[in-house]
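**Q** Here it is: the structure, laid out below.
The values are calculated or read from the model by the stated rules, or taken from the named source; none is laboratory data. Predicted model only: the values in this text are computed from it and were never measured. Heads up, the Cβs are rebuilt from the backbone with ideal geometry, glycines too, and the neighbour counts pull from every protein chain shown.
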Amino acid sequence: MAPEARAVAIIAGYELKKTMARKRVLIIVALIFLLEVSIYLISTLLPRSFINPFIPVAWAVGLLAPAGLLLHILALAVGSASFSEEYEMGTADYWLTRPISTAEYFIGKVAGSAAFMTLIIALYSLLSLLLPWFIYGPQSKLEIYVLGALSSIIAMLPFLSIGIAMGEVLRRSMLATITSSSAFFASLIAEFYLNIVGQINNDPSLIELSRLLPTWPSIRLVSSIVAEALPGGLPITGPAPIAGTIPPP
């Protein structure tokens, strides 16, 4: 292995282990898996006639549930702490005085954060397939399931990047987490009301403006892919602060 690749791998491994030890990250991860299990346990209490059309693709609910909110909050928490904690603890100077370049340090930290997020997505995606398979039997349209899981990885990248940027600029993990989370919810609320006002006034420019916000592609990417597996191509939109769904543009 080349020295540069080895340095990146060491820092990525260090970041991965450090992320796994952060309490607020573990709390969000626990909520994600609790949500997954709860959804399928609750589904067993629903009338069979109601859930029968969805049973062959019950995995879709497990993929969609975290993708609307918790996945992006986790990405923000992971990204915000990645660099900022190094400044708080004084370990950034330690790493930058080692025989590694700034680029290797940066790539390693980002790779470690992305690896953690990918691992969590892989685990809850697997759970979303195994639980309904165990409860209801074999699942179908698994090619869309794979695309949905891969799209979840892509969907989390914008807010992971925003969290990393905030952490590097503010250099305080809690402040960076609060600021980046505020940006997420502000974008979510702004998108919701731009869509509402745009539809009421029949103003396409407002709807087009909402598409420039980071929540628009991040939340809709997974749902737009998974919707193809649902009975009748049932349309799904992302979560909204008040009404429960963001009106489709």
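**Q** Suppose we filter SER187, SER161, SER182 for residues that are free of Cβ contacts under 8 Å to residues at least 12 places away in the same chain, closer than 27 Å to GLY62 by Cα and not in a loop (DSSP other than H, G, I, E, B); which single one remains?
**A** SER182
**Q** Moving to a separate point now. Just wondering, is there one or more residues in the range 87-101 that are in contact (Cβ under 8 Å) with a residue 12 or more places away in the chain, closer than 23 Å to SER182 by Cβ and of a type outside the set (Gly, Ala, Ser)?
**A** Within the range 87-101, one or more residues are in contact (Cβ under 8 Å) with a residue 12 or more places away in the chain, closer than 23 Å to SER182 by Cβ and of a type outside the set (Gly, Ala, Ser).
Yes/no per residue for (1) among the β-branched types (Val, Ile, Thr); (2) modelled with pLDDT under 90; (3) surrounded by 19 or more Cβ atoms within 10 Å (Cβ to Cβ):
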{"position": "LEU160", "(1), (2), (3)": "no, no, yes"}
{"position": "ALA165", "(1), (2), (3)": "no, no, no"}
{"position": "SER173", "(1), (2), (3)": "no, yes, yes"}
{"position": "ALA176", "(1), (2), (3)": "no, no, yes"}
{"position": "ALA186", "(1), (2), (3)": "no, no, no"}
{"position": "GLN199", "(1), (2), (3)": "no, yes, no"}
{"position": "PRO249", "(1), (2), (3)": "no, yes, no"}
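**Q** Let me spell it out: the conditions are (1) more than 18 Å from ARG220 (Cα to Cα); (2) more than 12 Å from the chain's Cα centre (by Cα), and ALA114 meets all of them except one. Which number is the exception?
**A** Tallying (1) more than 18 Å from ARG220 (Cα to Cα); (2) more than 12 Å from the chain's Cα centre (by Cα), ALA114 fails exactly one: (2).
**Q** Can you tell me which residue in the range 107-157 is modelled with the lowest pLDDT, limited to those that are among the small types (Gly, Ala, Ser), out of contact with any Ser or Thr (no Cβ under 6 Å at 6 or more places or on another chain) and farther than 17 Å from GLY62 by Cβ?
**A** Result: GLY108.
**Q** Okay, next question. Filter the range 20-77 down to the residues that are among the polar types (S, T, N, Q) and within 22 Å of ILE144 (Cα to Cα), then identify the one that is nearest to the chain's Cα centre (by Cα).
**A** SER43
**Q** PHE83 fails exactly one of the following numbered conditions: (1) under 30 Å from SER38 (Cα atoms); (2) hydrophobic (A, V, I, L, M, F, W, C); (3) surrounded by 22 or more Cβ atoms within 10 Å (Cβ to Cβ). What is the number of that condition?
**A** (1)
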